[in-house]
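Below is one structure, written out as structure tokens, with a few remarks after it.
What follows draws every value from the coordinates through simple rules; no lab data is involved. Keep in mind the model is a prediction, meaning the values are calculated, not measured. Please note: Cβ atoms are built from the backbone with ideal geometry, for glycine as well, and neighbour counts cover all protein chains shown.
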Amino acid sequence: MTTRHFNVLFLCTGNSARSIMAEALMNWRGRPNFAAFSAGSHPSGVVRPEALRQIASAGLPTENLRSKSWEEFARIDAPHLDFVFTVCDNAANEVCPIWPGQPLTAHWGIPDPVLLPESTPESDRAFSQAFRTLERRISLFLFLPLASLDSMAIKKEIDNIGKQ
């Protein structure tokens, strides 16, 4: 029996922290059935060092993580997307590109740790909390019996995960 492969895109405005952490988590925890990407509506061009530290401290690879535009994933030659998750409120409220293939979408809002001053205990806690929340939501998502659910049921489940 062949296992289906799914592509997941995590969106945020700056693509510097939350969406990057989600990409790294999904690529590690979801392999080999899931491939994750991240992008931003207005990418900052840099990945925050605090996000890279969270990823590395969890034992996940950090190489090849980069801040990029969501336009890369709206092109004809982009990977087919099965799921698109916004992880910040700004991206959820923006007009997103039309994604080829009409992937299922959900909003998994996470407070922005980038808003706090860098290298403070509060900032460290905020990045850690964002990482743990993403890890929990991705773990719940990976336990969904996607092969046995129709798209309406999957949509309901992924919306519920975003509330946890």
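By its C-alpha gyration tensor, with a ≥ b ≥ c as the square roots of the eigenvalues, how is the range 13-63 shaped: rounded for a/c under 1.5, else prolate for a/b larger than b/c, else oblate?
The shape class here is oblate.
Treating only the Cβ atoms of Lys and Arg (+1) and Asp and Glu (-1) as charged, compute the dipole magnitude of the chain about its Cα centre; round to the nearest 20 debye.
Dipole of the chain, to the nearest 20 debye: 380 debye.
Need the list of aspartates and glutamates near residue 155 for cross-linking: C-alpha distance under 17 angstrom, and skip anything on the same chain fewer than eight residues off.
82
So for the range 6-161, taking the charge dipole from beta-carbon charges (+1 Lys/Arg, -1 Asp/Glu), which of 144, 158, 46 sits furthest toward the positive end?
Projecting each Cα onto the dipole axis, the largest value belongs to 144.
Would you mind classifying the range 1-117 by shape? Square roots of the alpha carbon gyration tensor eigenvalues, ordered a ≥ b ≥ c; an a/c under 1.5 is rounded, otherwise it is prolate if a/b is larger than b/c and oblate if not.
It is oblate, given that a/c is not under 1.5 and a/b is not larger than b/c.
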